[in-house]
Amino acid sequence: MVHYTELGFKNTREMFKKAMDGKYAIPAYNFNNMEQLQAIITACANTSSPVILQISKGARNYANETLLRYMGQGAIEMMKQMGKEVPVAMHLDHGDSYELCVSCIEYGFSSVMIDGSSLSYEENIALTTKVVEYAHQHDVSVEGELGVLAGIEDDVSSEVSHYTDPNDVEDFVNRTGVDSLAISIGTSHGAYKFKVGPGEEIPPLRFDILEEIEHRIPGFPIVLHGSSSVMPKYIKIINEYGGDMHGTAGVPEDQLRKATKSAVCKINIDSDGRLAMTAVIREFLAKNPSAFDPRQYLGPARTELIAMYEHKNKNVLGSAGKA
Ligand code: G3H
Ligand code: 13P
Ligand code: ZN
């Protein structure tokens with residue numbers, strides 16, 4: 001067992017309090033490899049933004065849980081060397097069992113999500129409560145989820161979304177003791193959030209449901225998953241250089257900006273990073289067919305990621321300068 005404070009991580013309590021008061025959202029960016037992690041840390045250090053490093057169960061399986069833990073620790077050391085320290089939480093994204101949450105806490109995570117959204121309401125409460133009881137003994141933050149997002153949530157996938165019912169939220173947070181709540185108001189996971197044909201509009205997020213939830217649990221930190229904007233510039237490059245991604249659309253940035261002014265304190269973004277990397281790598285390899293050194297394409301992909309995360313922090317989440 002290593003406690004997250006020994007690794008230099010923070011839990012999310014203070015981050016969320018400041019974000020709520022300052023009306024901005026903490027970026028929660030996923031990583032699976034070195035270049036993504038370097039980009040997240042560099043962008044957040046450059047913009048003086050607090051950050052939540054997200055690791056999914058899939059990321060743990062892909063990269064190895066021990067290696068990821070040392071990478072997280074290494075990222076803190078790297079940031080210190082840059083001379084720009086910002087608060088960093090290491091968070092389990094979409095934990096699907098008590099055992100996985102315990103394992104992450106033992107590996108030094110400062111925050112875990114227990115995603116019981118596919119369970120019945122009472123089963124979700126029972127599982128989430130059990131995780132909270134363990135996590136709080138170690139001063140680790142817990143995110144729960146109510147409502148179902150369409151798209152893939154690690155191993156759990158759903159064709160349709162079920163909006164969060166505002167009638168449930170007060171009971172859920174009181175009975176479980178969670179520190180934050182992920183809700184479903186029209187976002188979804190992945191690169192195909194909205195199917196929009198020519199001339200069709202992206203349906204707006206359900207701000208009416210968000211307002212009702214805020215009314216029921218005033219001042220309680222809310223989390224938005226599935227918040228990539230599926231930036232058209234990356235889709236265009238991907239399709240120009242051999243890709244095939246059509247009819248895709250994400251959450252418009254102005255809607256996310258609006259959400260940061262509410263109780264939304266954490267915004268999850270993964271797919272935009274995947275798309276940015278893929279666009280740069282596709283273009284590079286198409287233009288340089290004899291190249292074979294991964295640094296030649298992963299380097300520019302990382303540079304693009306840094307620019308994209310800096311843009312999100314400054315212009316979308318409002319977290320720049322808040323470290
Ligand atoms: O919400 C899911 C995240 O984008 C993580 O995706 O399970 O493929 O690592 P993953
Ligand atoms: P996106 O697929 O929209 O990037 O959402 C990521 C997410 O919610 C991670 O938990
Ligand atoms: Zn998610």
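Counting Lys and Arg as +1 and Asp and Glu as -1, each charge on the Cβ, what is the dipole of the chain about the Cα centre in debye, to the nearest 20? Display every interim value, and only then the final one.
Working: 30 positive and 43 negative charges, 274 e Å.
Value, rounded to 20: 1320 debye.
Taking amide H as placed 1.01 Å from N in the peptide plane, the amide H of residue 266 sits under 5 Å from that of 26, 222, 224, each at least 5 places away or on another chain.
Averaged over its residues, region 192-323 has an accessible area of 48 Å² per residue, based on protein heavy atoms and a 1.4 Å probe. Straight-line cross-link partners of residue 23 among the lysines, defined as a Cα under 22 Å from its Cα and at least 8 positions apart when in the same chain: 10, 258, 261, 266, 312, 314, 322.
Let's see if you can work this out: charge +1 on each Lys and Arg Cβ, -1 on each Asp and Glu Cβ, no other charges. What is the dipole magnitude of region 196-288 about its Cα centre, in debye to the nearest 20?
320 debye
Normalising the average separation of contacting C-alpha pairs (under 8 angstrom, six or more residues apart) by the number of residues puts the relative contact order of region 96-153 at 38 percent.
A 1.4 Å probe, protein heavy atoms only, puts the accessible area of residue 245 near 30 Å². Sorted from longest to shortest, the spans of the Cα atoms of region 23-103 along the three principal axes equal 36, 31, 18 Å. Distances between every pair of Cα atoms in region 52-149, grouped in 10 Å steps from 0 to the bin holding the largest one, split as 16, 45, 29, 9, 1 percent. For residue 169, the accessible surface of its heavy atoms amounts to roughly 0 Å² (probe 1.4 Å, protein chains only, rounded to the nearest 10).
All C-alpha pair distances within region 179-323, sorted into 10 Å bins from zero, spread as 11, 36, 31, 16, 5, 1 percent across the bins. Select from 85, 14, 214 the residue whose mean-square fluctuation is largest in a Gaussian network model of the chain (Cα-Cα springs shorter than 10 Å). Of 85, 14, 214, the Gaussian network model singles out 14 as fluctuating most. Of the residues 233, 312, ranked by 1.4 Å probe accessible area with the largest first, the sequence reads 233, 312. Where only DSSP H runs of four or more residues are counted, the chain gives -14500 deg cm²/dmol as its mean residue ellipticity at 222 nm, each run worth -39500 (n - 2.57). Using a Gaussian network model of the chain in which every pair of alpha carbons under 10 angstrom is joined by a spring, one finds that among 147, 72, 197 the greatest mean-square fluctuation is at 197. Using bins of 5 Å that start at zero, the share of Cα-Cα pairs per bin across region 156-248 amounts to 2, 11, 19, 19, 15, 12, 8, 6, 4, 2, 0, in whole %.
Note that region 94-107 has calculated 3J(HN,Hα) couplings of 6, x, 10, 8, 4, 4, 5, 4, 4, 4, 5, 4, 5, 8 Hz, one per residue in order, obtained from phi through the Karplus relation 6.51 cos²θ - 1.76 cosθ + 1.60 (θ = phi - 60°); glycine and proline are x.
For the pair residue 119 and residue 200, label points projected 7 Å from Cα toward Cβ lie 3.6 nm apart.
Kindly give the semi-axes, whole Å and largest first, of the ellipsoid equivalent to the chain, taking each as the square root of 5 times a Cα gyration tensor eigenvalue.
Working: eigenvalues 170, 118, 66 Å².
Each semi-axis is √(5λ); the values are 29, 24, 18 Å.
When the Gaussian network model of the chain links Cα atoms closer than 10 Å, the mean-square fluctuations of 122, 145, 304 top out at 122. In order along region 296-311, the phi-based Karplus estimate (6.51 cos²θ - 1.76 cosθ + 1.60, θ = phi - 60°) of 3J(HN,Hα) comes to 5, 9, 6, x, x, 4, 5, 4, 5, 4, 4, 4, 5, 5, 4, 4 Hz; Gly and Pro are listed as x. With K and R counted +1 and D and E -1, the other residues having a Cβ less than 11 Å from that of residue 109 yield a net charge of -1.
Considering only 19, 45, 32, and ranking their Cα positions along the charge dipole of region 4-65 that arises from unit charges at the beta-carbon of Lys, Arg, Asp and Glu, the one farthest toward the positive end is 19.
Surface composition of the chain: carbon and sulfur make up 51 percent of the accessible area, probe 1.4 Å.
The values are calculated or read from the model by the stated rules, or taken from the named source; none is laboratory data. Remember, it's a predicted structure, so these values are computed and weren't measured experimentally. A quick note on method: Cβ atoms are made from the backbone with ideal geometry, for glycine too, and the neighbour counts reach across all protein chains shown. Each accessible area value is taken on the protein alone, full model and side chains, heavy atoms only, with ligands, DNA and RNA left out. Shrake-Rupley method; radii C 1.70, N 1.55, O 1.52, S 1.80 Å.
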